[in-house]
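Just so it is clear, none of the values below were taken in a lab; they were calculated from the coordinates. Note that this is a predicted model, so its numbers are computed, not measured. With ideal geometry, Cβ positions are generated from the backbone for all residues, glycine too; neighbour counts draw on all protein chains shown.
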Amino acid sequence: MSDDCLFCRIVGGTIPATFVARNEHGVAVRDLNPQAPSHLLVIPRRHVASLADASDGAELGALLLLAAEVARAEGLAETGYRVVANTGTDGGQTVPHLHLHVLGGRMMQWPPG
């Protein structure tokens, strides 16, 4: 955990968030700036700067399973949803802590950006 990391502070409970699910490796919260009718963030409990820095396959797998779990709970599984991991500046990552965006509730466009 890093005291100066926004997502570490959310995971640690020092910054309020709307938690929707948790597992051993991560938490899922509602995004404060939603880009779709359903927009959740899946955040690892352990500080990992980005997907480029990830090395624990069990942790990554657990985060993806948590993303699928919250998508089902949101009612997105039947019509579909998108899971995005922005990585680095050119990838659109604005918080240097690995996180997955779970977006759904509307038709997604391609290419995304």
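Here are some notes:
- Scanning region 70-108 for residues that are in contact with a strand residue (DSSP E or B) (Cβ under 6 Å, 6 or more places away or on another chain) and small (Gly, Ala, Ser) gives Ala71, Ala85, Gly104, Gly105.
- For region 69-113, a residue qualifies if it is more than 17 Å from Pro37 (Cβ to Cβ), hydrophobic (A, V, I, L, M, F, W, C) and in a loop (DSSP other than H, G, I, E, B), and the qualifying residues are Ala85, Val95, Leu98, Trp110.
- The single condition from (1) touching a Lys or Arg at 6+ places or on another chain (Cβ under 8 Å); (2) over 11 Å from Leu98 (Cα atoms) that Leu6 fails is (1).
- Residue pairs meeting the criteria (Cβ under 6 Å; at least 6 apart or on separate chains; first touching a residue at least 40 places away in the same chain (Cβ under 8 Å) and among the hydroxyl-bearing types (Ser, Thr, Tyr), in region 1-20; second outside any loop (DSSP other than H, G, I, E, B) and surrounded by 18 or more Cβ atoms within 10 Å (Cβ to Cβ)): Ser2/Cys8
- When each of Gly91, Gly13, Gly80, Gly26 is tested for being within 21 Å of Gly104 (Cβ to Cβ), of a type in the set (Gly, Ala, Ser) and loosely packed, with under 13 Cβ neighbours inside 10 Å, the lone residue that passes is Gly80.
- The residues of region 29-60 that are part of a helix (DSSP H, G or I), of a type in the set (D, E, K, R) and buried (at least 17 other Cβ atoms within 10 Å of the Cβ) amount to a single one, Glu59.
- Every condition in (1) more than 10 Å from the chain's Cα centre (by Cα); (2) in a helix (DSSP H, G or I) is met by Leu63 except one, and the failing one is (1).
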